[in-house]
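Structure record follows, encoded as structure tokens.
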Amino acid sequence: MQDPSRPPRSAKALWLGGLAGLGLLAASLMPLAPVSAEEAGRRLPDAAERAQEGSGLRTATLAGGCFWGVQGVFQHVKGVKQAVSGYAGGTKASANYEEVGTGRTGHAEAVRITYDPAVIRYDELLQIFFSVALDPTQVNRQGPDTGPQYRSAVFPADAEQARVAKAYIGQLDAGRAFSRPIATTIEPNAAFYPAEDYHQDYMTLHPNNGYIVTNDAPKLQDLKTLFPERANAKPVLVGKSKA
């Protein structure tokens, strides 16, 4: 958990204790930034461009604000074998919670998803991501968290993933799927560094945490409601012994 000797650095850190009163404090301490209404979850159209993937497990790295919620969503998706919270971009030396939280390291809080393309393709993962895991129109923020470390981004593993991601974002923008343009960036060739152990499986291990209840549990509910055929009741956890 957050070191109590250090001052909290973000709205998310303020919620780590799970006390509702800290939510008000978080709001008062957040830096001033333009605030816009968040886009509600909805089932977006299937991708017109299907991913061409071979056999064997693949990885997809996605960033959509706090990694707790993104990880929690994909841990419940059929065909996903593992979803690990971490830091994409930047360097290994500064890939830790405190330094990334300054917003000056170039990292984004992200989730690396290992999946079986025979069960779910990359374009289908993107459909779920944009439908329920985030508001992709937010710029350098997501919900109560602000800064470039909370940006919306896709980190393609290869040219095919980059092609499919670019095509799907273009498709959604052309179809005016959202009231504002999609702000999600496509950032190839980015390294990924797993986050600290206490960040893994956070939604499952702390379902009553105030931040989770307010910001992340609704995303999981949207998955179950909007993609019932894709949702698993039991999550695939990083800490297998905790299942």
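The values are calculated or read from the model by the stated rules, or taken from the named source; none is laboratory data. What you see is a predicted model, and the numbers here were worked out from it, not measured in a lab. Here the Cβ is made from the backbone with ideal geometry for all residues, glycine too, and neighbour counts use every protein chain on show. The area values use the complete protein model at the heavy-atom level, side chains included, leaving out ligands, DNA and RNA. Shrake-Rupley method; radii C 1.70, N 1.55, O 1.52, S 1.80 Å.
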Practice prompt. Could you please let me know if PHE130 is on the phi < 0 side of the Ramachandran plot, of a type in the set (Phe, Trp, Tyr) and out of contact with any strand residue (DSSP E or B) (no Cβ under 7 Å at 6 or more places or on another chain)?
Written response: yes
Discussion item. Tell me the residue from LYS242, LYS224, LYS234 that is basic (Lys, Arg), under 21 Å from LYS81 (Cα atoms) and at pLDDT below 95, please.
Written reply: LYS242
Worksheet, complete the sentence: Checked GLU109, GLU124 against criteria (within 20 Å of GLY69 (Cβ to Cβ) and either touching a Ser or Thr at 6+ places or on another chain (Cβ under 8 Å) or part of a strand (DSSP E or B) (or both)); the one match is GLU109
Worksheet item: Take the residues of segment 163-180 that are among the hydrophobic types (A, V, I, L, M, F, W, C) and open to solvent by 30 Å² or more (accessible area, probe 1.4 Å): which is farthest from ARG58 (Cα to Cα)?
Response: ALA174
Worksheet item: Residues of segment 199-243 being open to solvent by less than 40 Å² (accessible area, probe 1.4 Å) and assigned to a loop (DSSP other than H, G, I, E, B), which ones?
Response: GLN200, ASP201, ASN209, PHE227, PRO235, VAL236, LEU237, GLY239
Practice prompt. Any chance you could count how many residues in segment 126-167 are under 18 Å from ARG112 (Cβ atoms) and of a type in the set (Val, Ile, Thr)?
Written response: 3
Fill in: Options TYR97, TYR122; residue that is more than 26 Å from LEU44 (Cβ to Cβ) and open to solvent by less than 30 Å² (accessible area, probe 1.4 Å)
TYR97
Worksheet entry | Only one of GLY56, GLY65, GLY79, GLY89 that is open to solvent by 20 Å² or more (accessible area, probe 1.4 Å) and on the phi > 0 side of the Ramachandran plot | GLY56
Discussion item. Name the residue that is most open to solvent (accessible area, probe 1.4 Å), counting only residues in segment 127-152 that are within 15 Å of GLU39 (Cβ to Cβ) and assigned to a loop (DSSP other than H, G, I, E, B).
Written reply: VAL139
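Yes or no, residue by residue, for (1) within 17 Å of VAL238 (Cβ to Cβ); (2) in contact (Cβ under 8 Å) with a residue 60 or more places away in the chain; (3) among the hydrophobic types (A, V, I, L, M, F, W, C):
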{"position": "HIS76", "(1), (2), (3)": "yes, yes, no"}
{"position": "ALA95", "(1), (2), (3)": "yes, yes, yes"}
{"position": "ILE113", "(1), (2), (3)": "yes, no, yes"}
{"position": "VAL154", "(1), (2), (3)": "no, yes, yes"}
Fill in: Residues within segment 71-106 that are within 21 Å of TYR202 (Cβ to Cβ) and in a helix (DSSP H, G or I), tallied
8
